[in-house]
Amino acid sequence: GDSVRGGLVQRGAVADCALEEGWGPRITVADLDEDLRVLMKFEITASVSTADAIQHIDVLIDTSSDLDRPEGAKRGIELAECCLDRNPTPGETTLLHYFAANAWSILQATSRRNSDSIWDWEQTEIENEIIHLRLALTGPGFSELPDVRRCQIATNVGNLLSPVGRFVEAIEYWNRAF
């Protein structure tokens, strides 16, 4: 159905498990395209909890990444900003910044592909990704996250700093992830 809780997240979890275990249903590109279409229509209303909205944003951005579709990443950023305006808990705020950073990463990858603009001095997507990762990393909700998520954030910071020439700092974040 058109429910993140009822279908999309559950199907995604089954697909992840099936791929790891070599069993179960296979998710096709057509399935993911349909999921993205539904995910893009999502609106954050007063009746939607922040936790449900965050779960939706997570799936939207992951699906956009899987399909290499920047429009889903843009929508994910819009929804994350809307959630941030709701005064979420510190942990929720950290997650929203992490997901927004991932969306900016998708936009950076898709906008720079087959282009000489990778050498441009100003790169809005990388700048925004760094901002959101730093906000996730330094926010009071960072310590509330599970170890795996904290490692993902630190790893992403290192992965982003290395190609922009900040190798020593990147190594520090990679070590922190261990």
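Here Ala53 qualifies as more than 19 Å from Ala109 (Cβ to Cβ) and open to solvent by less than 40 Å² (accessible area, probe 1.4 Å). Can you find a residue in the stretch 89-98 that is of a type in the set (Val, Ile, Thr) and not in a helix (DSSP H, G or I)? Yes, that holds for at least one residue.
The residues in the stretch 84-97 that are touching a His at 6+ places or on another chain (Cβ under 9 Å) and either open to solvent by 40 Å² or more (accessible area, probe 1.4 Å) or within 14 Å of His56 (Cα to Cα) (or both) can be counted, and the count is 2. A count restricted to the stretch 134-178 and to residues that are in a helix (DSSP H, G or I), open to solvent by less than 30 Å² (accessible area, probe 1.4 Å) and at pLDDT 75 or above stands at 8.
The values are calculated or read from the model by the stated rules, or taken from the named source; none is laboratory data. Here the structure is a predicted model, which means the values were calculated and not measured. Ideal geometry is used to build each Cβ from the backbone, glycine not excepted, and the neighbour counts take in all protein chains shown. The area values use the complete protein model at the heavy-atom level, side chains included, leaving out ligands, DNA and RNA. Shrake-Rupley method; radii C 1.70, N 1.55, O 1.52, S 1.80 Å.
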